[in-house]
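Each remark here refers to the structure printed beneath this line.
The values are calculated or read from the model by the stated rules, or taken from the named source; none is laboratory data. No experiment lies behind these values; they were computed from the predicted model shown. We place every Cβ from the backbone using ideal geometry, glycine too, and count neighbours over all the protein chains shown. Quick note on the areas: whole protein, heavy atoms, side chains included, nothing else; ligands and nucleic acids left out. Shrake-Rupley method; radii C 1.70, N 1.55, O 1.52, S 1.80 Å.
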Amino acid sequence: MKLVLGHLYPEYLNIYADRGNIAVLTQRAAWRGIEVEVLAIGLGDAVPARADLLYVGGGQDREQALVAPDMAAKAEGLRSSLDAGAALLAVCGGYQLLGRSYVDAAGALLPGAGILPLHTEAGRRRLIGDVLLECELEPGSPRTLAGFENHAGRTLLDEGALPLGRVLAGFGNDGQSGFEGCRLGRALGTYLHGPLLPRNPWLADWLIAEALARQNGGVPPQLAPLGDALESAAHDVAARRARERGGRF
Amino acid sequence: MRLTCEIAVAQAVGALSRRSGRGGGTTLPGKVLLRLDDGAVTRLAARLPEGVAIVSATNGKTTTSALAARILGEGRLLCHNASGANLLSGVASTLLDSRGSDMALLEVDEAALPEVLRRIEPRALVLGNLFRDQLDRYGELESLATAWRAAVRVLPASTRLVVNADDPVLGNLAAGRAGSVTYGVDDPAQARPSLQHAADSKYCVSCGAPYDYAAAYVGHLGDYRCPSCGNTRPPLQVAARSVRLDGLEGACFDLVTPAGTCPVRLPLPGLYNVYNALAAAALCHALDTPLAALVAGLESALPAWGRFERIAVGDGKTVTLLLVKNPAGANEAVRTLLSGAEPPKLALVALNDQTADGRDVSWIWDVDYEPLLAVADRLVASGDRAAELALRFRYGGMAEDAVEVVPALEEALDRALALTPAGGELVVLPTYTAMLALRRILAARGHVRNFWDAA
């Protein structure tokens, strides 16, 4: 099996160690004998139909503003990729840009791609700190995600939209709703960086399996388990940090 | 009279703090003074006959001011916050002890710079660099840059501005300002083959187009030009040419100044220390120091504690501490280690996540550790986030059994020393609080002094 990973705007949206997420996806696939090809998708590039998994990272306001119009122009391509079964992970700035719009600290409205059912407005105080979520991507098997958040944006989900998880400690989407991130089928958006995947390997594996589903008759393939002792040690420290000192108003 | 009373009260508090074993008392007296009288700092600064020089930057402010102190301290009594207490409270504490001094030399935290400049009109101000650092604490680099620009706009005309022209965020701050001094590296042979992953400011400050780099030296520092609007690195008044890096032994370069050119043998390693030397030389040039004194000061440099220290620990073994606190600094530490004749086979890397380290540890994924991973046989990962660090090395391609995870610092130090051959050198790359803790361990064993005594 081969996994094609499309990395959107690696030159612009890379502020919180996004390449750590890419390294984890690549290595964990490779350790299972799955070949990985990483494609950079830059300004003006079309979203390649052969990308099984799309990744969008975070940037500062300045980089985000440079990218926003292009992201909006890619909406059609992104939507048809997702319709064709691609999986997606968007972190922080990338998460915001996949929503309908982002109103920045200066009041300027940046159009988004309108892929995820949400919009974002900059708040006065930044929401910064360790975070811990509980997610249930597969009904009946709740898992936790430990990460770090640092965002001025307050993200508001549309009525009926699904969050990625419930906030156990930290701020989450807006510091009030008790929810974090957004899920739309195989597409996930979140504020958690840190980077997210090294210490939450189950999510990396979920994304890899979902991305490969379309090559496996629509069913996510079973991935061979890896040891993950180091990964869980890192998760446990981060989870403890979130419980001890995660952000709250 | 009022100032005298305030000073006495604040100093008594500092003495009590030291005597009660709570540490150096390097910020508490300043906090007391600021509480008693917010204007006292301004008046303390104004009584110094040769004024105040300020150094601010993300990376290198402690080393730059230590180098400037070697030069300016010749024939002058300097008041200098050498312990690194560089917030407003530390500045106030330092000025409290300035009676009889000729001049104050202050390193100032990059986020604290605007509030310090509201209280002190410096005779000279060095703006060294802005790198991505502790985003959880400082916010975005761009908002810091905006605050610096606003502070520079209202500086009195009498302040000599000293600017690193190689930093595109800062380069144009000197434009149109009389008496300003620009500095930078002028040696394409030292350029990186491409911009590093962690380079922060790749897009033109005026128009947003990606810069063309004729040479990229450290992070986004280099010889840049915007192909779209023509915004470019300003001409260098103080520069380093013909640079030669000798691993951990030091660096040689030709120091070019408006007063002439002279070869310098700098006893500090790495291109980042060449930048620190240039900043110190440009500052002292702006304060009318002759070239010969610049060179003598730089060549007699002693490393700032914990930044780069070689500590003998018995058995002929040496512990070499290289502080790393952000991607740009860590990349330079790695490059320096690999530029020597014998790249290290073993290193102890320690990652803490206290406030002073940055609670967000994501930055380790932006560091290019890969050249070190390629030559090292073994790495010991330590600190509060040892497992996270070990994951970085492992996903970076290091074999599982080549990475040892020992979270407790003392235990990790002993393990790494046991792996070091007799007569060998153990390289340690700690974050800030890990460096302090390791130094405390070495001090308890009688190998180094505590920082408030050493400074």
What is the set of long-range amide H partners of B:Thr182 at a cut-off below 5 Å, with H atoms built 1.01 Å from backbone N?
-> B:Val163, B:Gln237, B:Val238
Between A:Ser80 and A:Leu184, what length in nm is gained on full extension when 0.36 nm per residue of separation is reduced by their alpha carbon distance?
-> 36.0 nm
Between the range B:171-192 and the range B:363-394, the alpha-carbon center distance in angstrom | 34
Could you provide, to the nearest whole Å², the per residue accessible area of the protein assembly as shown with probe 1.4 Å?
-> 36
Using the 4.7 Å Cβ rule, please list in number order the cysteines from chain B without any candidate partner.
-> B:Cys5, B:Cys79, B:Cys252, B:Cys262, B:Cys284
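Hand me the trypsin sites (Lys or Arg not before Pro) from the range B:347-455 located in a DSSP loop with no more than 15 other Cβ atoms within 10 Å, in residue order please.
On the way: sites: B:Arg359, B:Arg378, B:Arg385, B:Arg392, B:Arg394, B:Arg415, B:Arg439, B:Arg440, B:Arg445, B:Arg449; in loops: B:Arg359, B:Arg385, B:Arg445, B:Arg449.
Those that pass, being in a loop and sparsely packed, are B:Arg445, B:Arg449.
How large is the charge dipole for the protein assembly as shown, taken about the Cα centre, if only the Cβ atoms of Lys, Arg (+1) and Asp, Glu (-1) carry charge, to the nearest 20 debye?
For this selection, approximately 1620 debye.
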Computed on protein heavy atoms with a 1.4 Å probe, what is the summed buried accessible area for the chain pair A and B, in Å² to the nearest 100?
-> 3300
What's the average, rounded to a whole number, of partner chain beta-carbon atoms within 10 Å of each residue's beta-carbon in B:349-356?
-> 1
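Can you give the FRET efficiency for B:Ser228 and A:Ala105, using 1/(1 + (r/R0)^6), R0 = 45 Å, r = Cβ-Cβ distance, to the nearest 0.05? Working shown, then result.
On the way: r = 26 Å, r/R0 = 0.57.
The formula returns an efficiency of 0.95 here.
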B:Ala157-B:Ser242 pseudo-label distance in nm [points 7 Å out on the Cα-to-Cβ vector] | 4.1
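Can you tell me the dipole magnitude for chain B around its Cα centre, using point charges on the Cβ only (Lys, Arg +1; Asp, Glu -1), in Debye to the nearest 20?
Values: 44 positive and 49 negative charges, 259 e Å.
I would put it at about 1240 debye.
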According to the square roots a ≥ b ≥ c of the eigenvalues of the Cα gyration tensor, what is the shape class of the protein assembly as shown, taking rounded for a/c under 1.5, prolate for a/b larger than b/c otherwise, and oblate for the remainder?
-> prolate
Using +1 on the beta carbon of Lys and Arg, -1 on that of Asp and Glu, and nothing else charged, what's the dipole of the range B:307-454 about the Cα centre, debye to 20?
-> 400
Which of the residue pairs B:Lys202/B:Lys325; B:Lys202/B:Lys345; A:Lys2/B:Lys345 have a Cα-Cα distance greater than 29 Å in the structure shown?
-> B:Lys202/B:Lys345; A:Lys2/B:Lys345
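Can you pull the mean other chain C-beta count within 10 Å for peptide B:364-372?
3
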For A:Asp52, the accessible surface traced by a 1.4 Å probe with all protein chains present amounts, in square angstrom to the nearest 10, to 10
Can you work out the FRET efficiency for the pair B:Glu50 and B:Lys317, with r the C-beta to C-beta distance and R0 = 41 Å, to the nearest 0.05?
-> 0.40
Alpha carbon centroid spacing (whole Å) that separates the range B:235-259 from the range B:291-305 | 13
Heads up, I need the accessible area for A:Val219: 1.4 angstrom probe, whole protein in place, Å², nearest 10.
-> 80
Over chain B, what relative contact order in percent results from Cα pairs under 8 Å that are six or more residues apart?
-> 13
Amide H contacts of B:Thr58 (H built 1.01 Å from N, under 5 Å, at least 5 apart or other chain) = B:Asn129, B:Leu130, B:Phe131
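What average number of partner chain Cβ atoms lie no more than 10 Å from the Cβ of the residues making up B:387-398?
Values: counts 12, 12, 2, 5, 12, 6, 1, 5, 13, 3, 2, 0.
That average works out to 6.
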Taking H as built 1.01 Å from N, whose amide H comes closer than 5 Å to the amide H of B:Leu426, not counting residues under 5 places away?
-> B:Thr318, B:Val319, B:Thr320
If unit charges are put on Cβ atoms (+1 for Lys and Arg, -1 for Asp and Glu) and the dipole of chain B is taken about its Cα centre, the option from B:Pro227, B:Leu48, B:Gly247 lying farthest towards the positive end turns out to be B:Leu48
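Run through the range A:214-249 and list the trypsin sites (Lys or Arg not before Pro) located in a DSSP loop whose Cβ has at most 13 other Cβ atoms within 10 Å. Before the final figure, lay out the partial values.
Numbers: sites: A:Arg214, A:Arg240, A:Arg241, A:Arg243, A:Arg245, A:Arg248; in loops: A:Arg248.
Those satisfying the criteria are A:Arg248.
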The simple spin-label model distance between B:Arg445 and B:Thr146, using points 7 Å out along Cα→Cβ, in nm, is 4.8
Computed over chain A, the relative contact order (Cα-Cα under 8 Å, seq sep at least six) in percent reads 20
Mind jotting down the distance between the C-alpha centroids of the range A:188-245 and the range A:69-120, whole Å?
-> 23
What FRET efficiency, computed as 1/(1 + (r/R0)^6) with R0 = 45 Å and r the Cβ-Cβ distance, is obtained for A:Glu35 and B:Ser300, rounded to the nearest 0.05?
-> 0.20
